[in-house]
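Asker: Let me give you the structure first, and then I'll get to my questions.
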Amino acid sequence: MFSKEDLKKAWDYVWNGKGLIPLLLNVLIAFLLVKYIIYPGLGLIFNTDLPVVAVVSGSMSHNGLDFNSWWRQNEDLYVQRNISKEKFLSFPLKNGFNKGDIMVLYGTKIENLNIGDVIVYKNPQYNYPVIHRVVDIKDTFETKGDHNLVSDPNPVRKDQIVGKAILRIPYLGWVKIVFTEIISSVV
């Protein structure tokens, strides 16, 4: 077994050592902490298996436009669904969000979802979850990206919904996007 002195030396080497090996050990420890302690802990707190997602497309972007300018360009798409400007202004995340943002999700009951909520759902056509706004609710959910000209082609079933977006953290998702792109270009 390791003595207390051996553990102290190892700790000092990992956290204070110079060179590539201590750096790689720090990255490995950080990865393991996030993947196996922090992320599952957040999932437990936020009632979803996917408590945090990085936005990987611009489908919810308002292209830097102020709300009124964006609304003038998109008004017809929402008015057709009986969503007025005043109603849209009451929606969460009414100014959209951008590729590279991080969204914090909460696993909510299906009956608590409303038109205007931004949900994340699993779409079998993609390897990643989709995050779009609910624009109509029947037996299924009609969703649409704020930037898109049409609704999503397939209605979202209740069993596909992962959670509801409750918080946006700007730009932090670029870390994941860049890392994923580097890994995919190497493989």
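Asker: Hey, in the GNM for the chain with a 10 angstrom Cα cutoff, which one of VAL14, VAL120, VAL104 fluctuates hardest?
Answerer: VAL14
Asker: While we're here: What residues qualify as long-range amide H neighbours of LEU172, i.e. H under 5 Å apart, gap of 5 or more or another chain, H built at 1.01 Å from N?
Answerer: Those lying under 5 Å, H to H, from LEU172 are ILE102.
Asker: While we're on this one: In µm²/s, what is D for the chain at 37 °C and 0.692 mPa s, where D = kT/(6 pi eta Rh) by Stokes-Einstein and Rh is the Kirkwood radius from Cα pairs? Can you show the working numbers first?
Answerer: Values: Rh = 18.9 Å.
Approximately 174 µm²/s, per Stokes-Einstein.
Asker: Aspartates and glutamates near LYS18 by alpha-carbon distance under 19 Å, same-chain residues fewer than 8 away left out - which ones?
Answerer: ASP6
Asker: So if I place +1 on the C-beta of Lys and Arg and -1 on the C-beta of Asp and Glu, and nothing else carries charge, what would the dipole magnitude of the chain be about its Cα centre? I want it in debye, nearest 20. Don't skip to the answer; put the middle values down first.
Answerer: Numbers: 21 positive and 18 negative charges, 56 e Å.
Charge dipole, the chain, about its Cα centre: 260 debye, nearest 20.
Asker: For the chain, what's the relative contact order in percent, using C-alpha pairs closer than 8 Å and at least 6 residues apart?
Answerer: Computed value for the chain: 23 percent relative contact order.
Asker: While we're looking at this one, here's another question. Loop only per DSSP, at most 14 neighbouring Cβ atoms within 10 Å: give me the chymotrypsin sites (Phe, Trp or Tyr not before Pro) in region 84-130, ordered by residue number.
Answerer: TYR126
Asker: Pick from ARG133, ARG72, ARG157: which is most flexible by mean-square fluctuation in a GNM of the chain where alpha carbon atoms under 10 Å apart are linked?
Answerer: ARG72
Asker: Going through the cross-link list LYS4/LYS176; LYS35/LYS85; LYS109/LYS144, which pairs have a Cα-Cα distance over 30 Å in this structure?
Answerer: LYS4/LYS176; LYS35/LYS85
Coordinate-derived values only; no laboratory data. None of the values given here were measured: they were computed from a predicted structure. As a convention, Cβ positions derive from the backbone with ideal geometry for all residues, glycine included, and neighbour counts pool all protein chains shown.
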